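Structure record follows, encoded as structure tokens.
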Amino acid sequence: MHTIAEATIQEILSLDDNEASRLLFGQQNENLKLLEKQLGISIHNRGGEVILRGRLDDVKLGLGLLNQLYRLAEAKHDLRPADVSSAVQILKRDPQADVVALFSDKAIFANHTRHVSPRSLAQKQYVEAIRSNDLIFAVGPAGTGKTYLAVAMGVAALMRKEVKRIILTRPAVEAGEKLGFLPGDIIEKVNPYLRPLYDALYDMVDMEKAQNWMQSGIVEVAPIAFMRGRTLNDSFIILDEAQNTTPEQMKMFLTRMGFGSKAVVTGDITQVDLPNGVTSGLIHAVKLLENVEGIAVSRFTHVDVVRHPIVQLIIQAYDARESGR
């Protein structure tokens, strides 16, 4: 005997804006295909109608989501598959969530090729924490936007002349490969460890401008060892992969902050590459400083991953394995 929730139903959504429909469907209907896969329903567009078939709960969720995404499309939002996937996860957690309000949040950064704004509730809270505090710890798995959003906030602050420079740093921890065996001088040896920071920067600003900023010292990308002995005033400072700092390195970094500066510290405490017996500086600092005024801690989980949907499943599988479930 089937319950009401398991019964197969059909719903029809009528659309009267051809341009908004095109943005909603995506290239070659990729957004609709993604919704079909993630919701377990069938979706077909016919003329000015979208027909949804499947289990009651899934179809109702899909209908509500399509209505919200259509309103975004009417406002000329270019809906990418990543946006659609994020919206699905948000409504699965909270069917009453206002996806339109979330995705319409004021852009952190925008240019002719890139529009960066929060894509999950956790991201929105993280962005607000950066706006409201001088020191922010962001803890959670890869793919949740911790570093990317921090770089976007830094570039935006630089362009608004709120800071004079951006400092991007991370520890160069040897993970399966000895630095001494890599070719080149110390800068060439540590550059591979800094590549994710370069990638995020180049996604915001064209390569020529980014390189001009780096040559003039407006943007500095360097291993954390280069921070020792400095005082960083009027700077937006990002420490990435902070789980691989020692408590001594973390203290050194945090005490570099000068007047007019903001620091964002990101890391995944489940991916510590330090030698056995060495305490993670990120874990130590969060425990020590979480309740200090002016310091915020933003926490992300696998449900906040905004990469390919399969990444969430991979993280869940590893978490389950490591916890013995």
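The values are calculated or read from the model by the stated rules, or taken from the named source; none is laboratory data. Note that the structure is predicted; figures quoted are calculated from it, not measured. Virtual Cβ from ideal backbone geometry, glycine too; neighbours counted across all protein chains shown. Only protein heavy atoms, including side chains, enter the accessible area calculation; ligands, DNA and RNA are left aside. Shrake-Rupley method; radii C 1.70, N 1.55, O 1.52, S 1.80 Å.
Figures for the structure shown
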quantity: From Ala101, Ala82, Ala73, Ala87, residue being modelled with pLDDT of 90 or more, within 23 Å of Val116 (Cβ to Cβ) and part of a helix (DSSP H, G or I); calculated: Ala73
quantity: The one condition in (1) farther than 30 Å from Leu34 by Cβ; (2) open to solvent by less than 40 Å² (accessible area, probe 1.4 Å) that Val305 fails to fulfil; calculated: (1)
quantity: Residues (in contact (Cβ under 8 Å) with a residue 24 or more places away in the chain and open to solvent by 40 Å² or more (accessible area, probe 1.4 Å)) located in region 263-288; calculated: Ile269, Thr270, Gln271, Val272, Asp273, Val278, Thr279, Ile283, His284
quantity: Matching residues, region 35-70, being of a type in the set (A, V, I, L, M, F, W, C), farther than 21 Å from Asp17 by Cβ and either out of contact with any Gly (no Cβ under 7 Å at 6 or more places or on another chain) or not in a helix (DSSP H, G or I) (or both); calculated: Ile41, Leu56, Val59, Leu61
quantity: Hits in region 234-265 - residues which are of a type in the set (Val, Ile, Thr) and either farther than 14 Å from Asp134 by Cα or out of contact with any helix residue (DSSP H, G or I) (no Cβ under 9 Å at 6 or more places or on another chain) (or both); calculated: Thr245, Thr246, Thr255
quantity: Count of region 82-100 residues which are open to solvent by less than 50 Å² (accessible area, probe 1.4 Å) and either of a type outside the set (S, T, N, Q) or free of Cβ contacts under 8 Å to residues at least 40 places away in the same chain (or both); calculated: 10
